[in-house]
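Structure first, then comments.
The values are calculated or read from the model by the stated rules, or taken from the named source; none is laboratory data. Bear in mind that the values here come from a model prediction, so they are computed numbers and not experimental data. Glycine gets a Cβ as well: all are built from the backbone with ideal geometry, and neighbour counts include every protein chain shown. Remember, those area values only see protein heavy atoms, side chains included, never the ligands or the DNA or RNA. Shrake-Rupley method; radii C 1.70, N 1.55, O 1.52, S 1.80 Å.
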Amino acid sequence: MKKNFLILLIFIFSFINVFSINYDELTQEARALAWSGEYKKAINIYENLIREYQNKEVYLDYSNALAWSGDIKKAINLLNSFEGEDSDIEMRKARFFYWNLNFSEAYNIFSKYKKDELEESDLAFINWYEEYKHFFIKTSYITDFLKENRENQFNIYMAYNYYDVFSVALKFDNFFFDDEYRVGKSLIEFYYDDFFSLLGISHNQYYIAEFGYVFKPFTLGFKSTKYLENYDEFIKSTSVNGGYFVFNFVLENIEFLLRANLDFIYKDYFYKDPENDLVFSYLIGSTYKNFGFKHYFDLKELNKSFIEYKDNICDFNYSISFYYDFFKKNFGAGISLGYSF
């Protein structure tokens, strides 16, 4: 009797050991296939594994393979089928919601956890979402330090964001004008899915139009503007038409931005022939946590660097910035205050 029992135990342990080896080999093979981009082969293995193993590791690995293959909805449904509550499952689900641009669902999950339980990229998303909630209003004021011909700019920005579908904003630039020739703009921004547009008029009834498409991490856009210039130079109006390219990516809590513009500028004069010009300009910028840097440059009259610190207290956010204009050899500063709800 004891001998038979011993043989049975040996058989059971041998079976478990073989089963374990088979499991380890299959999971390692599936992970290697997923990492190398052979998602279909990896998914086939995971489909077999999940029939036998209902553990968290298989759910997480299988959902990764699905999401990387582009089937994010199926990855989310898979995680929803996991029995019981688990923080790793929930956070992975939140990241998939974020990848699928379902920001409100991602935020609802992340907000259940303490900050020290989240990764830096998760915290960056939460800070961004809380800064620009569904309703947002912001004012900013920028001035330089020159005593003569000081340039001041006051802006108001109001927005409604339904993140998963669209965003619409009303913006007033140079709301208070220093002189009658300053171009003040009233703008309406509209975002739908990966498309966006910006339409507006200046206080002199000239137009601003911009259209673009986002395919992360890239953006392509076209802009067309016409505005009044200074009569002292006998300019009736200036038209700017051109395109731009944006590259923007986030690596943990560091963001990098590059924007390149190519503009065709047409100046119409009262007392002399019109002038044409082709201008290339660019913007480079980066942010690290609460600090940011931006540099604007073209070959004509723009060479300006900004440093900024921004933070938020509950639903209020603020920023303080300083800049140096290399062409005018002048310092300036700005402050902005915002509220979201």
### Query
Which residue pairs have Cβ atoms under 7 Å apart, sit 6 or more places apart or on different chains, and have a first residue in the range 57-71 that is part of a helix (DSSP H, G or I) and a second that is of a type in the set (Asp, Glu) and open to solvent by 60 Å² or more (accessible area, probe 1.4 Å)?
LEU60/ASP88
### Query
Hey, among ASN127, ASN44, which residue is within 27 Å of the chain's Cα centre (by Cα) and either surrounded by 14 or more Cβ atoms within 10 Å (Cβ to Cβ) or not in a loop (DSSP other than H, G, I, E, B) (or both)?
ASN127
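Give the range 284-341 a look and list any residue that's in a loop (DSSP other than H, G, I, E, B) and under 22 Å from LEU262 (Cα atoms), or say none.
LEU299, LYS300, GLU301, LEU302, PHE326, PHE327
Specify which of the listed residues (SER81, SER104) is under 22 Å from the mean Cα position of the chain (by Cα) and surrounded by fewer than 17 Cβ atoms within 10 Å (Cβ to Cβ).
On the way: SER81 fails: under 22 Å from the mean Cα position of the chain (by Cα).
Only one candidate passes the filter, namely SER104.
Just to check your reading of the model, which residue among ASN155, ASN77 is within 30 Å of ILE335 (Cβ to Cβ), out of contact with any Pro (no Cβ under 7 Å at 6 or more places or on another chain), of a type in the set (S, T, N, Q) and modelled with pLDDT of 80 or more?
On the way: ASN77 fails: within 30 Å of ILE335 (Cβ to Cβ).
After ruling out the rest, the residue left standing is ASN155.
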### Task
Give me the pairs, please: first residue somewhere in the range 266-279 and among the acidic types (Asp, Glu), second residue anywhere and open to solvent by 100 Å² or more (accessible area, probe 1.4 Å) and at pLDDT below 90, beta-carbon distance under 8 Å, and either six or more positions apart or on two chains.
ASP277/LYS300
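Of PHE316, PHE264, PHE270, PHE249, which residue is in contact with a Pro (Cβ under 8 Å, 6 or more places away or on another chain) and open to solvent by 60 Å² or more (accessible area, probe 1.4 Å)?
Details: PHE316 fails: in contact with a Pro (Cβ under 8 Å, 6 or more places away or on another chain); PHE264 fails: in contact with a Pro (Cβ under 8 Å, 6 or more places away or on another chain); PHE270 fails: in contact with a Pro (Cβ under 8 Å, 6 or more places away or on another chain).
Every option except PHE249 fails the conditions.
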